[in-house]
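Okay, structure first, notes after.
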Amino acid sequence: APPSAYGRSKAAAERLALEHWPDTLVVRTSTFFGPWDEYNLLTRAMHAFMRGESVAVPSDLCVSPTYVPDLVRVCLDLLIDGAHGLWHVTNRGALSMSDLVGHVAERLGKIHLVRPRTALQLGLIAPRPRYSALVSGSGHLLPPLEDALERFLFHRRSARPSQAMAG
């Protein structure tokens, strides 16, 4: 029951694709992050932390974060295996967006710069589900979130300084 027109249109597209082409593979994911994406929530937060800036993040929106390298690997495996139908593919673990940023901030010694706020306090007026965490009924295809966060930080730290932490 998506609360927004955006979510309803995605759900309708999934239904139509699966209805008209039963061999379709539909992959749902959420709040993805990767070491080469400069615009995801975690990378933007890391840049702010390195500048000594605080980051306000929703504390009342629960998500299932997904590490892009893991997502790509599993999607390729599903395609090779001829999988079809609707699949939820996220790293195991559900938490608020502020807790997600807090995990990274803690590892960087910057937890004091995380400012949990409600979606309303942040001016996020578009309807959003408070709990949009995904669970796979087909087994755990991706590693736990903790493992993905460690690899994300390793890759961000080992990138060239201008790529990894430049502000």
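The values are calculated or read from the model by the stated rules, or taken from the named source; none is laboratory data. Quick caveat, the model's predicted, so the values are computed rather than measured. We place every Cβ from the backbone using ideal geometry, glycine too, and count neighbours over all the protein chains shown. Protein only, heavy atoms only, side chains kept; ligands, DNA and RNA dropped before computing areas. Shrake-Rupley method; radii C 1.70, N 1.55, O 1.52, S 1.80 Å.
The table that follows gives values for the structure above.
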| quantity | calculated |
| --- | --- |
| Which numbered condition E38 misses (of (1) in contact with a strand residue (DSSP E or B) (Cβ under 9 Å, 6 or more places away or on another chain); (2) part of a loop (DSSP other than H, G, I, E, B); (3) within 22 Å of E150 (Cα to Cα)) | (1) |
| Cross-chain or 6+ apart pairs with Cβ under 7 Å, segment 130-154 first and more than 13 Å from P69 (Cβ to Cβ) and modelled with pLDDT under 85, then open to solvent by 90 Å² or more (accessible area, probe 1.4 Å) and not in a loop (DSSP other than H, G, I, E, B) | H140/R92 |
| Set V114, V74, V63: member being at pLDDT 95 or above and buried (at least 16 other Cβ atoms within 10 Å of the Cβ) | V114 |
| Qualifying residue in segment 41-61 (condition: in contact with a Phe, Trp or Tyr (Cβ under 6 Å, 6 or more places away or on another chain) and in a strand (DSSP E or B)) | no |
| When residues of segment 77-110 are limited to those that are free of Cβ contacts under 8 Å to residues at least 60 places away in the same chain and basic (K, R), the one least open to solvent (accessible area, probe 1.4 Å) | R107 |
| Search result, residues across segment 4-33 that are surrounded by 13 or more Cβ atoms within 10 Å (Cβ to Cβ) and under 24 Å from L100 (Cα atoms) | G7, V27, R28, T29, S30, T31, F32, F33 |
| Residue within segment 119-142 that is over 16 Å from the mean Cα position of the chain (by Cα) and open to solvent by less than 20 Å² (accessible area, probe 1.4 Å) present | yes |
| Residue within segment 66-86 that is assigned to a helix (DSSP H, G or I), within 15 Å of L149 (Cβ to Cβ) and acidic (D, E) present | yes |
